[in-house]
Amino acid sequence: MSYSVSPIGFVRSCFKEKFAIPRQPQLAPAARGVLELVAPFDQGDAVQGLEQVSHVWLLFLFHQALEDKPRLKVRPPRLGGNKAMGVFATRATHRPNGIGQSVVKLDKVESDRLFISGIDLLDGTPILDIKPYVPYADIIAGASNSIASAAPHLIEVQWTDAALHQAHAHARRLGEPLVELIEQCLAQDPRPAYQTPAPEREYGAQLWDLDVRWHYPVPDRIRVLEVIPAAD
Ligand code: SAM
């Protein structure tokens, strides 16, 4: 038996590629986006009352990780990418039906769009449903998960003077907390766990319309080298 679902909207996100997106929501509060609703949900009726809610659950499609053949085991990056786990024990993107869920902060509600932050969603992500966060039911005192028992270890992020200057200038142009966004995302250390980065190796990711480039002067420290307009 199969069912079909249709998106109720799409996210316009600061994250233009998968690399360097935090592994869960709330890890980068400066990560912002806009959920643009599609008809018939874009007239105001469907979001009436939502302004009374601080956070929402988003159910979405991992549209850039959809696969025909379901995987039963996955190798989560959090476990170093070399240990297999049952797919249902993880939040891996490759999963049956490709459905993800994230709790995000709801900053502003308009009739046809929601302003959200603390997101872990790629630009263009199709949203299947929105549900209000209900603290009395959703906060579970004493809950445990020993596979993912704490937020990822953060590493130090430094800047070259030029990169910091560029980031401040683009932050003003975009009207976005760009310096914070870069620091919060890079502090999660986006590089695959199995890579020991040589200091001369440069890494890059696109945030908003910018190419952010960095390297690792020593393995547990990032230095941002450039924040420049991304090539089209
Ligand atoms: N919070 C969600 C969950 O638990 O279902 C997502 C967790 S998943 C581990 C987070 C990763 O999904 C991000 O780091 C990003 O690389 C990836 N991602 C986000 N949006 C995506 C999309 N639309 N398609 C494919 N991958 C996506």
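Please work out if Ala169 is of a type outside the set (Val, Ile, Thr), surrounded by 19 or more Cβ atoms within 10 Å (Cβ to Cβ) and at pLDDT 95 or above.
no
Quick one: in region 7-19, which of the residues that are more than 8 Å from the ligand (Cβ to nearest atom) and part of a loop (DSSP other than H, G, I, E, B) is farthest from Tyr203 (Cα to Cα)?
Selected residue: Ile8.
Going through Pro217, Pro197, Pro190 one at a time, which residue ends up being over 20 Å from the mean Cα position of the chain (by Cα), in a loop (DSSP other than H, G, I, E, B) and not aliphatic (A, V, I, L, M)?
Exactly one of Pro217, Pro197, Pro190 is over 20 Å from the mean Cα position of the chain (by Cα), in a loop (DSSP other than H, G, I, E, B) and not aliphatic (A, V, I, L, M), namely Pro197.
When region 35-56 is examined, which residues are found to be buried (at least 17 other Cβ atoms within 10 Å of the Cβ) and within 16 Å of the ligand (Cβ to nearest atom)?
Across region 35-56, the qualifying residues are Leu35, His55, Val56.
May I ask you to verify whether Ala84 is in contact with a Lys or Arg (Cβ under 7 Å, 6 or more places away or on another chain), among the small types (Gly, Ala, Ser) and over 22 Å from Glu51 (Cα atoms)?
Criteria met by Ala84.
Just need a number here: residues in region 117-148 that are away from the ligand (no atom under 13 Å from the Cβ), under 21 Å from Arg23 (Cβ atoms) and part of a strand (DSSP E or B).
Final tally of qualifying residues: 1.
Please go through (1) farther than 25 Å from Gly81 by Cβ; (2) not in a loop (DSSP other than H, G, I, E, B) for Val212 and return the number of the only condition it doesn't satisfy.
Exception for Val212: condition (1).
I'd like to check something: does region 163-179 contain any residue that is charged (D, E, K, R) and out of contact with any strand residue (DSSP E or B) (no Cβ under 9 Å at 6 or more places or on another chain)?
Checked against the condition, which is being charged (D, E, K, R) and out of contact with any strand residue (DSSP E or B) (no Cβ under 9 Å at 6 or more places or on another chain), region 163-179 yields at least one hit.
Give region 65-108 a look and list any residue that's surrounded by fewer than 16 Cβ atoms within 10 Å (Cβ to Cβ), in contact (Cβ under 8 Å) with a residue 60 or more places away in the chain and assigned to a loop (DSSP other than H, G, I, E, B), or say none.
Across region 65-108, the qualifying residues are Gly80, Gly81, Asn82.
Which numbered condition in (1) of a type in the set (Val, Ile, Thr); (2) out of contact with any Gly (no Cβ under 6 Å at 6 or more places or on another chain); (3) more than 16 Å from Pro7 (Cα to Cα); (4) within 10 Å of the ligand (Cβ to nearest atom) is the only one that Ile155 fails?
Condition (4) is where Ile155 drops out.
Of all residues in region 1-42, count the ones that are of a type in the set (A, V, I, L, M), touching a Lys or Arg at 6+ places or on another chain (Cβ under 9 Å) and within 17 Å of Trp57 (Cβ to Cβ).
Residues flagged as of a type in the set (A, V, I, L, M), touching a Lys or Arg at 6+ places or on another chain (Cβ under 9 Å) and within 17 Å of Trp57 (Cβ to Cβ) within region 1-42 amount to 2.
The values are calculated or read from the model by the stated rules, or taken from the named source; none is laboratory data. This one's a predicted model, so the numbers in the text were calculated from it and none came from an experiment. A quick note on method: Cβ atoms are made from the backbone with ideal geometry, for glycine too, and the neighbour counts reach across all protein chains shown.
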